[in-house]
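Student: Structure in structure tokens, see below.
None of the figures in this text is laboratory data; all of them are computed from the coordinates on show. Bear in mind the structure is a predicted one, so any value in this text is a computation, not a measurement. Here the Cβ is made from the backbone with ideal geometry for all residues, glycine too, and neighbour counts use every protein chain on show.
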Amino acid sequence: MEWMEAEDYQDMSEKAGEIVLEEMRARSLPTLGLATGSTPEGLYQYLIMQYQRGKVSYRKTRTFNLDEYVDLPWEHPNSYYHYMKEKFFSHVDVQDKNTYLPDGMAENLEKECMKYESEIAAAGGVVTQVLGLGGNGHIGFNEPGTPFDSRTHVVDLKESTRRANARFFPSLEEVPKQAITMGIETIMESKRILLLVSGRNKREALARLMEGEVSEEFPASVLWRHPNVQVIADREALGK
Ligand SMILES: N[C@@H]1[C@@H](O)[C@H](O)[C@@H](COP(=O)(O)O)O[C@@H]1O
């Protein structure tokens, strides 16, 4: 695991952006794994800015998002589909047909999970996966206790996760109780992982990750077993 210290949120976003762009330039058909939440917003802004300056094109880029809520229509302002459109996709030249998210409205969710896995496989797997860190160590929506050999699956969200995400919804009651998420093994198959950590409220989780103990009780700890992980953490998250 490689650790990079960023001055602040802006610096973390730029550092991550440069790594993503470097990977994109090195490949003719780049495949990015994308995350939602507050953490990667600055990264998306940076990627948009570089596009607007003519430094990059996403025409041949394929993207796979980590997760999506169950029973939240795609057009709902809090769906991750909507988030991705608003924060990234609609500002760049990425093609709709190349942007994948699990469909939380699918009639048969189990089938949808399998379909998502095969879409990732058909694309040759994710090259660079961007991750945020949940306060309880979750990655994607893989909550503590999720087996390390899990593939894309439906999860029941922990109360703490629903509460943490309630800030995006009008009220806690409206936060969905389930989601579809790439599994831990699915995430671990990406060639390179970028974990972004910012802010005071991630300090405890980051400290726990740094301890180096690998346990299913703290999902992000699995990243110690991956050969190519970069953690970009800002000074606040590092407690400096
Ligand atoms: N499912 C998302 C994750 O993909 C995200 O990385 C994490 C941290 O979110 P934030 O960046 O808003 O702190 O929790 C959410 O629940």
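Student: Taking the Cβ of each residue in Met4, Met182 as the centre, tally the other Cβ atoms inside 10 Å and list the residues starting with the fewest.
Tutor: Values: Met4 15, Met182 30.
Ranked by crowding around the Cβ, least crowded first: Met4, Met182.
Student: When only Cα pairs under 8 Å and 6 or more residues apart are kept, what is the percent relative contact order across the chain? Spell out each step's value before the answer.
Tutor: Working: 467 pairs, mean separation 64.2, N = 240.
It comes to 27 percent, rounded to a whole number.
Student: Can you give the net charge of the other residues whose Cβ lies under 12 Å from the Cβ of Tyr46, counting K and R as +1 and D and E as -1?
Tutor: 0
Student: So what's the back-of-envelope 222 nm ellipticity for the chain, counting only DSSP H runs of four-plus at -39500 (n - 2.57) apiece and dividing by all residues, rounded to 500?
Tutor: One gets -9000 deg cm²/dmol as the mean residue ellipticity at 222 nm.
Student: Which value, in debye to the nearest 20, describes the size of the charge dipole of the chain about its Cα centre when Lys and Arg Cβ atoms bear +1, Asp and Glu Cβ atoms bear -1, and nothing else is charged?
Tutor: Details: 28 positive and 38 negative charges, 146 e Å.
Rounded to the nearest 20 debye, it is 700 debye.
Student: Here is a further query. Based on other C-beta atoms within 10 Å, arrange Thr181, Thr39, Thr161 from fewest to most.
Tutor: Details: Thr181 28, Thr39 23, Thr161 20.
Lowest to highest Cβ neighbour count: Thr161, Thr39, Thr181.
Student: Provide Tyr58, Tyr9 in ascending order of the number of other Cβ atoms located within 10 Å of each residue's Cβ, fewest first.
Tutor: Working: Tyr58 22, Tyr9 18.
Listing Tyr58, Tyr9 from fewest to most nearby Cβ atoms yields Tyr9, Tyr58.
Student: Based on alpha-carbon centroids, what's the gap between the stretch 28-56 and the stretch 116-141 in Å, whole number please?
Tutor: Spelled out, the Cα-based centre of one part sits 16 Å from the other.
Student: Could you work out which residue, out of Ile19, Ile120, Ile48, moves most in a Gaussian network model of the chain, that is, has the largest mean-square fluctuation with Cα springs under 10 Å?
Tutor: Maximum among the listed residues: Ile19.
Student: Who wins for biggest fluctuation among Glu112, Glu211, Glu23 in a Gaussian network model of the chain, springs between alpha carbons below 10 Å?
Tutor: The residue with the greatest mean-square fluctuation here is Glu211.
Student: With the dipole of the stretch 2-238 worked out from charges on the C-beta (+1 for Lys and Arg, -1 for Asp and Glu) around the Cα centre, which of Ser160, Gln10, Tyr80 lies farthest toward the positive end?
Tutor: Selected residue: Gln10.
Student: From the P(r) of the stretch 2-238, can you give the percent of Cα pairs sitting at distances over 25 Å?
Tutor: Details: 10238 of 27966 pairs.
Percent of Cα pairs beyond 25 Å in the stretch 2-238: 37.
Student: Now, a different point. If you plug each phi of the stretch 110-123 into the Karplus form 6.51 cos²θ - 1.76 cosθ + 1.60 with θ = phi - 60°, what whole-Hz ³J(HN,Hα) values come out, in order, with x for Gly and Pro?
Tutor: Result, ordered by residue: 4, 5, 4, 4, 5, 4, 4, 4, 6, 5, 5, 4, 5, 7 Hz.
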